[in-house]
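Just below is one structure, and these are the notes that go with it.
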Amino acid sequence: MAVSAQEESTNRKPRRHSKLALVLNAQAGALLGQSDMAATLQTLLLEAGDEVYIVPPEAGSLPERLALAKHSGADCVVVAGGDGTVACAATALLDSGISLGLIPCGTMNLLAKDLHIDPDDQAGAVRILAEGRSRSIDAGMLGENVFLCASMLGTPARLSRHREAGRQRGNGILAWARFGWAALRALLHNRSIRVVLRLNGQVLKRRTPSLTITVNRLDDGSGRFLGRSNLSGGEFAVYLVRRSSVLRQARLVLRTALTGQFRAPDVEVFYTRELEIGSVEQALHVLLDGELQLLKPPLRYRLRAEALSVVAPA
């Protein structure tokens, strides 16, 4: 049956949430030392929902608090944190029918930027919850681990280990200096890992200093690091850096950071819905949306198409 213009206009109006549940990750970069942020966000969120439930920090770990939010009767769970917090929330909300709202407060905020949510405008992020639309996006699975942006092996994972060690010593100039020195040593060491990729009916043996798997392909030359415009394309993009000199690797990293361009003669690119990574290593450090894990190979990736509902600008 045809839908009239008036009915279509009505369907496009923002739907006010009956109940919002807010979960904050106090360890996120922008929330450190801001003890009153929960009350501030609650006031803002009342513009987007009839009721706002703040899950108290003493309610348990982040996964435990997200589980409370999921079962609180809320039709939208809002998380204030970075990409790791968002991925943890996605683990709880996949296929639940409950929308995920983002207030980006992390270091990279990759998914928020892909959704055109400004990390520097928290009030604007709340307005999107009130005025935006729910849309379905793809999710990546590595075993039982969920990621929405990228999984990285090799040099990025090693650098993350050094960064986490530096955080334990503080975030001052000295900590950043230690991280910079560790990053330089990692590049100079130029260590490669041996991997066996199984994808699209192929078996590929490679040695690589860096391997990145993104949920849907990157936009070359977007000007954003790991920037994507299509979040529901139904595929992984696999970017494998060939073994090369330290100078060429450094140039690739710099160009990617400044322009968002990942394609280069030194990078092999594959597209697939499923991927298995084998290795002679007993365990591999893997970075999943900024969170470091030590996992035993083989690593099995699979895509969950449009499995997560998120609130994005109209």
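Computed quantities for the displayed model
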quantity: Hey, Gly223 of a type outside the set (Val, Ile, Thr) and more than 21 Å from Glu276 (Cβ to Cβ) or not; calculated: yes
quantity: Every residue from region 79-108 that is surrounded by fewer than 24 Cβ atoms within 10 Å (Cβ to Cβ) and among the polar types (S, T, N, Q); calculated: Thr91, Ser96, Thr107
quantity: Residue within region 250-257 that is at pLDDT 90 or above, touching a strand residue (DSSP E or B) at 6+ places or on another chain (Cβ under 9 Å) and of a type in the set (A, V, I, L, M, F, W, C) present; calculated: no
quantity: Residue in region 109-119 that is under 27 Å from Pro297 (Cβ atoms), out of contact with any helix residue (DSSP H, G or I) (no Cβ under 8 Å at 6 or more places or on another chain) and assigned by TED's automatic domain parsing to the domain that holds Leu46 present; calculated: no
quantity: Cross-chain or 6+ apart pairs with Cβ under 8 Å, region 269-285 first and within 14 Å of Val195 (Cβ to Cβ), then hydroxyl-bearing (Ser, Thr, Tyr); calculated: Leu275/Tyr301; Glu276/Tyr301; Ile277/Tyr301; His285/Ser160
quantity: Residues of region 109-134 classified as under 20 Å from Cys149 (Cα atoms), surrounded by fewer than 22 Cβ atoms within 10 Å (Cβ to Cβ) and either touching a Phe, Trp or Tyr at 6+ places or on another chain (Cβ under 9 Å) or basic (Lys, Arg) (or both), total; calculated: 1
quantity: Tally of residues being touching a helix residue (DSSP H, G or I) at 6+ places or on another chain (Cβ under 6 Å) and either among the polar types (S, T, N, Q) or in a helix (DSSP H, G or I) (or both) across region 128-154; calculated: 0
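The values are calculated or read from the model by the stated rules, or taken from the named source; none is laboratory data. These numbers were taken from a predicted model, which means no experiment stands behind them. Because the Cβ atoms are built from the backbone with ideal geometry, glycine has one as well, and the counts that use them run over all protein chains shown.
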